[in-house]
Every structure is written in structure tokens, then in C-alpha cells.
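One structure below.
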Amino acid sequence: MRNKKHISAVEIRKFGAGANLFFNIFLAVFALSCVLPFFFIIILSLTKESDITLYGYQFWPKHFVLSSYSYLAKMGHQVIVSFGVSVFVTVVGTLMNSLFSSTYAYAISRSDFLYARFFTIFALISMLFVPGMVPTYLVVTQMLHLQDNIWALILPMSFGVYNVLIMRTFFKTSIPEAIIDSARIDGAGELRIFRSIVIPLAIPGVATISLFSALGYWNDWMNALLYTNSDNVTPLQYLLVKIANNIQYMAQQMSSGGSAAMAGANLPTEGMRFAVVVVATLPIALTYPFFQKYFVKGMTIGGVKG
């Protein structure tokens with residue numbers, strides 16, 4: 001009988017040299033298409049306003065200026081305060097969301113938890129049937145009395161059902177029951193097991209939901225619109241929204257020949273819009289590389305079993 005060479009699963013999944021070259025080129029083009037729009041926005045934010053009016057949007061404008069950012073710099077104190085508010089809300093909110101979502105997910109992921117099915121269905125119902133803006137507003141302002149309070153920007157988003165489902169799947173596929181049983185035999189309690197064993201093994205999953213939470217908190221301005229009136233608790237995103245709205249108002253006054261026409265004659269209306277996008281996006285974009293390794297692992301965990 002002729003011996004057949006054993007072929008492993010890894011070798012079966014390998015592509016040829018031509019296929020690898022094709023996929024590398026395809027992924028490079030796709031990555032470039034994702035980065036290019038943001039690079040284009042940065043260029044437009046540095047373009048002279050008259051060049052945009054005369055020549056339209058160009059990848060390499062005739063004049064580079066910083067007038068759009070100088071207008072933002074004139075609000076330097078408020079920008080710094082709003083930036084600090086956004087950083088505080090994002091950091092504290094992300095920590096709370098990750099903690100609450102992980103603990104809830106760990107409880108419903110344990111097969112020996114008697115009410116796991118009930119709390120899983122309860123979480124799904126709360127995700128499918130959202131209470132809406134009016135009940136949430138009444139709870140935050142009338143019951144919790146958090147009007148013009150920085151916690152009004154944190155608590156409404158401090159628990160995410162989607163993050164719970166991610167972590168529940170992660171715990172079920174990545175945390176062996178034998179490890180938890182061994183820790184219980186050694187006398188460790190549930191809190192000790194969760195803190196010392198489960199969380200170190202679940203870092204990729206925690207990093208994934210932390211990234212989702214951080215993006216949500218950093219980009220949120222609706223809660224600030226609903227619950228804050230004071231400049232001391234105005235996050236950066238809401239401040240930039242107000243700046244963009246004021247630019248639109250001044251541009252309308254200029255076009256109609258109003259009294260603000262002379263005062264805003266040199267206002268870079270188009271460049272300011274792009275500068276606002278850059279200021280709002282760049283900080284969170286710079287943090288993504290630190291999460292990338294854990295993010296990829298967290299999203300693909302359970303797809304391949306050894």
C-alpha cells in the first residue's frame with residue numbers, strides 16, 4: 001500500500017505565492033483607502049480659504065496656512081477645559097463600563113450560576129427595547145439630579161449590553177472550567193478568581209470592549225447637549241459642535257451682508273470645519289495602535305481552537 005504524506009490543517013490553509021501577493025496588494029490598497037480620507041481632511045484644514053473657493057479641494061494646495069487652527073487657539077482656555085473634561089469622562093467612563101460589563105458577563109457565562117439564563121435574557125431585552133430619550137432624561141435630571149454635573153456624561157453609558165455579549169462569549173470560549181475549578185479547590189473565592197485568574201486571561205477581550213467604550217465616550221456630544229449648560233462641564237466634542245454652528249451662522253451673515261460681515265470677512269469657514277474634524281478625531285486615532293494587538297485577538301478569539 002502506498003504511503004500518503006500527512007498534510008496538516010495549517011498547510012491546507014496556506015496560499016500560493018501568487019495568491020499571497022494578490023491579497024497583500026489588495027489589503028494595502030484597502031488600508032490606503034481608509035487612511036487617505038483623513039489625510040485629505042488634514043490637508044484641507046491647512047489650505048487657504050481663498051484657494052478652496054477658487055480651485056476647490058486639492059491634495060496639494062497652492063498655499064498652506066494655519067488660520068483655521070489659530071481661530072481655535074483663540075478659544076484656548078475653553079478648549080483646554082473641554083479637552084480635560086473629555087479625557088476625564090472617557091477614562092472614568094471606560095473603566096466603569098469595562099468593569100460593569102466584565103463582571104456581569106462573567107456571572108452569566110458560568111454554567112453553575114442558577115440564574116444565568118434569566119440575566120442573559122434580561123440583558124438582551126434591555127438592548128432590544130431601548131427606553132428612549134425622554135425616560136432617560138427624566139431619570140438623569142429628576143431622579144438622579146445630575147443636571148450640569150459631569151456624571152451625567154458618564155453614568156448613562158457606563159453599562160453596555162453589546163460589550164456584555166462580547167465578554168460572555170470570550171469567557172465561555174477562552175476560560176477553561178478546569179482552571180476555575182482548581183482555584184476553588186485551593187480555596188479561592190469568586191472575587192479572587194475573577195481578579196487574579198479570569199481578568200489576566202481576558203485582557204484581549206477587555207481591551208476590545210474598552211476601545212468600543214472609549215470611542216463612544218469620546219465621540220459623544222448628545223448627552224452634553226441634553227444635560228449640561230455650564231462651560232466647566234462641556235466636553236470637547238460638544239464645544240466643537242457649537243463652534244461649527246457659530247461658523248455656519250457667521251457665514252450666513254456674511255453672505256447676506258449682515259453686520260457681522262466685516263468682522264468675519266477673513267473667517268475660514270471651510271477650513272474651520274475640517275480643523276474641527278481633525279481636532280476631534282486625532283487624539284482617539286493616536287490611541288488605537290496601543291489597542292490594536294489586543295483588539296484583533298479579542299475579536300478573533302474562539303475562531304481557531306488548538
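The values are calculated or read from the model by the stated rules, or taken from the named source; none is laboratory data. None of these values were measured; they are calculated from a predicted model. For neighbour counting, all protein chains shown are included, and Cβ atoms are generated from backbone atoms with ideal geometry for every residue, glycine included.
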Taking region 203-251 and keeping only residues that are outside any helix (DSSP H, G or I) and at pLDDT below 85, one is left with Ser230
Residue that is small (Gly, Ala, Ser) and either farther than 20 Å from Met222 by Cβ or in contact with a Leu (Cβ under 7 Å, 6 or more places away or on another chain) (or both), where the choices are Ser158, Ser98: Ser98
Given (1) surrounded by 17 or more Cβ atoms within 10 Å (Cβ to Cβ); (2) under 17 Å from Ser45 (Cβ atoms); (3) at pLDDT 75 or above, index of the condition Thr269 fails: (3)
Return the total of residues in region 186-227 being under 17 Å from Thr94 (Cα atoms) and either touching a Cys at 6+ places or on another chain (Cβ under 8 Å) or among the charged types (D, E, K, R) (or both). 1
Of all residues being small (Gly, Ala, Ser) and either surrounded by 12 or more Cβ atoms within 10 Å (Cβ to Cβ) or at positive phi (or both) in region 182-208, which is farthest from the chain's Cα centre (by Cα)? Just the residue, please. Gly187
Report yes if Thr173 is in contact (Cβ under 8 Å) with a residue 60 or more places away in the chain and either loosely packed, with under 14 Cβ neighbours inside 10 Å or not in a loop (DSSP other than H, G, I, E, B) (or both), otherwise no. yes
Ser86: passes all of (1) in contact (Cβ under 8 Å) with a residue 40 or more places away in the chain; (2) over 29 Å from Phe40 (Cα atoms) but (2)
Scan Thr120, Thr136 and give me the residue that is over 23 Å from Gly84 (Cα atoms) and crowded, with 17+ Cβ neighbours inside 10 Å. Thr120
Among the numbered conditions (1) in contact (Cβ under 8 Å) with a residue 12 or more places away in the chain; (2) assigned to a helix (DSSP H, G or I), tell me where Phe159 comes up short. (2)
